[in-house]
Amino acid sequence: MAEPNPWRLLSRREIYDNPWIHVDEDRVVNPGGGISLYGRIHFKNRAIGIIPLDGRGNTWLIGQYRYVPDAWSWEIPMGGSPEGEPILESARRELKEETGLSAASWTLLMRLHTSNSVTDEEGFVFVAEDLEEGEPEFEETEDLRIWKLPLADAVAMVISGEITDAISVAGLLRLALERASNQVGSGFK
């Protein structure tokens, strides 16, 4: 059962806007009845993560230096899905761009919110199977390393803290749990 919203918006002020995000500062009545300021980040794309799996239980990770945390990061292939573009179409494009892979079988593994205390960003993680290899098509902003490894090793990297990206952590752990119980999301062809 959905609970009623205990927050009440009094006013909204735009702070920042660019092609990817929009930031507002809201003046609200909080659940305790006090007046508060609340920062709100709207993402203009939905986050798309893909876990490619071959017939031998291997997956692919993407390594790159991430500007905001100022750190190297291993992640599942991922990118953005513009509003209005079907998420599966976005997933196919991102997998091809970052790994060169194409997949005949797609399964939606999960939907998630990346940090719902400050942002409305919605993410989707797919499993891509029946793979065909090709050449990656990196974007100008991407300097990526591609690593093929056993899925179990990627999951171990999550457990050890080597993979910290939230979408990668959630997707890899969910897939490992579902494979252990022989259940995986809903399929797309």
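Brief remarks on what is shown
- If you go through region 1-19 and keep only what is aromatic (Phe, Trp, Tyr), closer than 26 Å to SER81 by Cα and surrounded by 11 or more Cβ atoms within 10 Å (Cβ to Cβ), you end up with nothing.
- Any hit, region 35-49, residues being surrounded by fewer than 22 Cβ atoms within 10 Å (Cβ to Cβ), in contact with a Lys or Arg (Cβ under 9 Å, 6 or more places away or on another chain), in contact (Cβ under 8 Å) with a residue 12 or more places away in the chain and among the basic types (Lys, Arg): yes
- Selected residue (only one of SER168, SER105 is assigned by TED's automatic domain parsing to the domain that holds GLY80, surrounded by fewer than 16 Cβ atoms within 10 Å (Cβ to Cβ), among the polar types (S, T, N, Q) and touching a strand residue (DSSP E or B) at 6+ places or on another chain (Cβ under 6 Å)): SER105
- Of the strands (runs of 3 or more DSSP E) lying entirely inside region 2-72, those containing at least 1 residues that are under 20 Å from LEU149 (Cβ atoms) span 45-52, 58-66.
- Candidates are the residues of region 16-60 that are of a type in the set (A, V, I, L, M) and over 21 Å from GLU122 (Cα atoms); the one that is nearest to the chain's Cα centre (by Cα) is LEU53.
- Members of region 108-139 that are within 28 Å of HIS22 (Cα to Cα), in contact (Cβ under 8 Å) with a residue 60 or more places away in the chain and either of a type in the set (Val, Ile, Thr) or out of contact with any strand residue (DSSP E or B) (no Cβ under 8 Å at 6 or more places or on another chain) (or both): THR114, VAL118, THR119, VAL125
- Qualifying residues in region 99-114 (those that are outside any loop (DSSP other than H, G, I, E, B) and small (Gly, Ala, Ser)) - the one farthest from ARG179 (Cα to Cα): SER102
- Filter result for the condition that a residue is in contact (Cβ under 8 Å) with a residue 60 or more places away in the chain, outside any strand (DSSP E or B) and either on the phi > 0 side of the Ramachandran plot or not aromatic (Phe, Trp, Tyr) (or both), over GLU142, GLU94: GLU142
- Out of ASN30, ASN58, sole residue that is of a type outside the set (Asp, Glu) and free of Cβ contacts under 8 Å to residues at least 60 places away in the same chain: ASN30
- Count - residues of region 67-120 that are polar (S, T, N, Q) and in contact with a Pro (Cβ under 7 Å, 6 or more places away or on another chain): 1
The values are calculated or read from the model by the stated rules, or taken from the named source; none is laboratory data. Quick caveat, the model's predicted, so the values are computed rather than measured. When we count neighbours, we look across all protein chains shown, and the Cβ atoms used for this are built from the backbone with ideal geometry, even at glycine.
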